[in-house]
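Student: Please read through the structure below; I'll follow up with questions.
Bear in mind these aren't lab numbers, they're just calculated from the coordinates by the rules spelled out. Bear in mind that the values here come from a model prediction, so they are computed numbers and not experimental data. Cβ: placed from backbone, ideal geometry, glycine included. Neighbour counts: every protein chain shown.
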Amino acid sequence: MAKIFVTRKIPGSALDKLKGSGNEVVVSEFDRPLTSEELLESARGFDALLCLLTDRIDGEVLDALGPQLKIVSNYAVGFDNIKVEEATERGVLVTNTPSEVINESVSEFAWTLMLALAKRVVEADESTRRGAYKGWEPSTFLGVNMVGKTLGILGMGRIGGLTARRALGWNMKVLYYKRSRDEAAEKELEVEYADLDRLYQESDFISVHVPLTDETRHMINKIAFDKMKKGVIVVNTARGPIIDEGDLVRAIREGKVGGAGLDVFDNEPNINPELINMENVILTPHIASATNEAREEYGNLAVNAILDALTGKKPQNLVNEEVWERRKK
């Protein structure tokens, strides 16, 4: 019987499946992210770890879990919360949970932010609730149309591709940036590859879908904002540190950025207080994938990866394939 530690209770039926597997399952008693000290104290002597993106899994945590640790299963698509290279050094498998259900949810949310900003929905809702609405006015909360505009997509992966597909219905021109061109996507989705300069200069809307790496950290900064169209709408459902929030505040104040929708933040859960007070900014608490369907999928993928690893099967969505290859020898 293996021992499995789950850092936080998760929604859906996946935990029931894990608990019914015949293994010893320990779920954190705290319904919040564990501090590093709590994680080190709680996660000792386990064969598998199911963690969330709010958990920082480094060499110290991996050593606390013990040399018998076989897998770290991340309940998230991104895995920048895990020191993958340190897990690899210790022969520990690392998995994540990408799926079309989750990708669809995030793409839908990116569009939700773009539409809400273009039509100034949140501003209008708050004004109406305050009692400011006295009847129809010709100049109240004027927004912009999306039909026929240019959408710039940073990152043409699964989510970026779904976001581009939805733009077809709006008759939008879609520019995308990726480290390498995706000719299949260009043909299927009628998108056009552009370097960053062109994408920034021509886009009316920019949606961020790149992973967080050393290369992408603060890639959207003052230099990038200065190249953008006046009034551009920028949304980020990827990772917060991709945008330099201080430079974003400056760009909004100067009128360069007409609106921003942020579901992720540079220093989560802390939010730049200047953003909080800006009417043309929508702030949401990292909920782009927060649907019943997506959370169920997260849980099933994370649990299945653990059960496969514990029974000697190759788990899906391996981040560090080299560990599995070493085990086969």
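Student: In the chain, with Lys and Arg counted as +1 and Asp and Glu as -1 at Cβ, which of these residues, 53, 246, 11, has the Cα nearest the positive end of the dipole, that is, farthest along it?
Tutor: 11
Student: Still on this structure, please answer the following. Set the bar at 29 Å for Cα to Cα. Now go through 134/227; 17/70; 119/230; 119/256; 19/83; 178/222 and name every pair that lies beyond it.
Tutor: Violating the 29 Å limit, Cα to Cα: 134/227.
Student: Would you kindly give the portion of the calculated P(r) for the chain that falls above 39 Å, as a percent of all Cα pairs?
Tutor: Numbers: 11338 of 53956 pairs.
Everything past 39 Å amounts to 21 percent.
Student: State the extension gain, in nm to one decimal, for the chain segment bounded by residue 32 and residue 253, taking 0.36 nm per residue of separation less the distance between their alpha-carbons.
Tutor: Values: separation 221, 0.36 × 221 = 79.56 nm, distance 3.50 nm.
That works out to 76.1 nm of additional length.
Student: With 10 angstrom as the radius, rank 13, 42, 203 by how many other C-beta atoms surround their C-beta, starting from the fewest.
Tutor: Exposure proxy ranking, most exposed first: 13, 42, 203.
Student: What is the gain in length, in nm to one decimal, between residue 119 and residue 201 on full extension, counting 0.36 nm per residue of separation less the C-alpha to C-alpha distance?
Tutor: Working it through step by step, the gained length comes to 27.3 nm.
Student: Roughly speaking, what is the stretch gain from residue 192 to residue 145, that is 0.36 nm per residue apart minus the C-alpha to C-alpha distance, in nm to one decimal?
Tutor: Taking 0.36 nm per residue and subtracting the Cα distance, the gain is 14.8 nm.
Student: Based on the mean of other beta carbon atoms within 10 Å per residue, what is the order of 254-265, 68-79, most packed first?
Tutor: 68-79, 254-265
Student: Would you list, by chain and number, the aspartates and glutamates whose Cα falls below 17 Å from the Cα of residue 149, excluding same-chain residues fewer than 8 positions away?
Tutor: 190, 192, 202, 204
Student: Moving on. Fewest to most neighbouring Cβ within 10 Å: what's the order for 170, 136, 111?
Tutor: Ordered from fewest to most neighbouring Cβ atoms within 10 Å, 170, 136, 111 come out as 136, 170, 111.
Student: Normalising by the residue count of the chain, find the relative contact order in percent from Cα pairs under 8 Å and 6+ residues apart.
Tutor: Computed over the chain, the figure is 20 percent.
Student: Using Cα-Cα distances under 8 Å and only pairs 6 or more residues apart, what relative contact order does region 121-279 have, in percent?
Tutor: Values: 261 pairs, mean separation 28.0, N = 159.
Relative contact order of region 121-279: 18 percent.
Student: Compute the relative contact order of region 214-309 as a whole-number percentage, counting only Cα pairs closer than 8 Å that sit 6 or more residues apart in sequence.
Tutor: 25
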